[in-house]
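The next block holds one structure in the form of structure tokens; read it before the comments.
The values are calculated or read from the model by the stated rules, or taken from the named source; none is laboratory data. Just so we're clear, the structure is a prediction, and the values are computed from it rather than from any experiment. Please note that ligands, DNA and RNA were not included when accessible areas were found on the heavy atoms of the full protein model with its side chains. Shrake-Rupley method; radii C 1.70, N 1.55, O 1.52, S 1.80 Å.
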Amino acid sequence: MHGRVAGSLVLWYDSVLENGELKWQNELNDKNRVFFRSCDGIFTNYNWTEQHLEGMASDGAEQLHNVYVGVDVFARGDVVGGKFETDKALSLIREHGFSAAIFAPGWVYECHDKTEFRQNQDKFWGLLSDYLPTHRVSLFPINTSFCQGFGKNFYCKGKVEEAKSWFHLSAQEMQPLYIDQKAERKEGGWVRTRGCPHDAWNGGSSLLVEGKIPSKHSTVSVRLFSVHVAIPRKTFVSFIYKLEDSPGVKVSLELKTINAPLCSYQGVEDIPSSSVQPELLTEDHGLVTQFRQSCGLWRSEGWVNR
């Protein structure tokens with residue numbers, strides 16, 4: 001497999017033992033270790049306990065991060081967590097230094113009201129966000145309309161091109177890395193982002209930013225991405241948005257920069273950063289003209305381009 005597909009990952013599912021017997025172990029042990037050493041990792045069965053995790057860790061299991069502890073979201077059998085308590089399983093797995101294999105997250109769609117799928121999807125993954133690694137954006141240019149690969153209509157430049165439901169995951173674009181963000185202190189404010197299928201610029205959905213802003217706040221920042229790349233001295237930025245029932249709101253972009261080598265940091269929030277807001281170019285600026293010529297003309301339909 002490695003010879004045919006560069007960068008491929010081969011995992012052994014915890015099922016058959018070295019002697020050929022079908023018997024799930026729910027852990028890495030001497031009965032299935034030969035398979036683990038013959039590939040890139042092992043995906044354990046789901047009926048493990050914390051004692052299984054403690055045993056593997058105390059035995060000095062090779063490369064703990066290559067042991068993918070199975071989590072059945074349907075919570076079938078005697079398992080830890082599952083359903084909207086899957087975070088309990090992830091918490092124990094991370095505490096002991098293992099990786100996780102999340103099985104059948106389709107439970108969110110299959111076992112709930114289909115009309116509430118987006119809300120339940122955000123709820124499920126939001127509960128796990130503290131235990132899942134964030135893959136920072138590491139290449140320029142960054143370009144996204146926040147399409148999720150499906151929608152009730154297909155939009156192009158703010159207009160409905162096809163008025164019918166569609167599904168094509170290859171059309172999915174980059175999504176925000178952060179979801180719920182509470183206001184500082186105890187003022188009760190909150191901001192969150194979610195996919196909105198009711199209006200879009202391109203594809204099937206846009207990014208809806210909604211929340212409750214405390215009266216003491218004059219500005220609110222919504223964190224979308226973590227970018228791990230050297231920034232050119234001059235970078236052209238454009239964004240398109242629409243306001244609904246918020247006539248007094250002004251929208252702008254903010255970029256926080258850190259002088260640091262290109263490596264992975266733990267506790268990035270502790271590194272001093274500085275904020276940069278893009279300089280607004282005039283309508284007759286050469287870059288603006290070139291950008292609009294490349295993108296073509298469009299009717300605004302209430303969308304604002306900056």
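For the chain, what is the percent of antiparallel DSSP beta bridges, rounded to the nearest 5?
Taking every DSSP beta bridge with both residues in the chain, the antiparallel ones total about 70 percent.
Within the accessible area of the chain, the carbon and sulfur atoms contribute 52%, probe 1.4 Å, all protein chains present.
When both the stretch 69-101 and the stretch 1-60 are represented by their alpha-carbon centers, they are found 16 Å apart. Decide, for the stretch 114-182, between rounded, prolate and oblate: order the square roots of the alpha carbon gyration tensor eigenvalues as a ≥ b ≥ c, take rounded if a/c falls under 1.5, and otherwise choose prolate if a/b is larger than b/c, else oblate. Here the stretch 114-182 falls in the oblate category.
The translational diffusion coefficient of the stretch 1-124, from Stokes-Einstein at 4 °C and 1.567 mPa s with a Kirkwood hydrodynamic radius over alpha carbon pairs, comes to 84 µm²/s. Per residue of the chain, the DSSP helices (runs of n ≥ 4 H) give a summed -39500 (n - 2.57) that works out to -4500 deg cm²/dmol at 222 nm. Show log10 I(q)/I(0) for the chain at q = 0.12, 0.14 Å⁻¹, two decimals, from a solvent-free Debye sum over equal Cα scatterers. So the normalised log intensities are -1.04, -1.27. Under conditions of 25 °C and 0.890 mPa s, the stretch 72-231 yields 137 µm² s⁻¹ as its translational diffusion coefficient, taking Rh as the Kirkwood radius over Cα pairs in the Stokes-Einstein equation. The listed residues 144, 289, once ranked by accessible area (1.4 Å probe) with the largest placed first, stand as 289, 144.
For a straight C-alpha distance cut-off of 20 angstrom, the lysines reachable from residue 212 (same-chain residues fewer than eight places away being disregarded) are 123, 182, 186, 242, 250. Listed cross-link partners 88/256; 152/234; 88/114 are compared with a 31 Å cut-off, the Cα-Cα value being larger for 88/256; 152/234.
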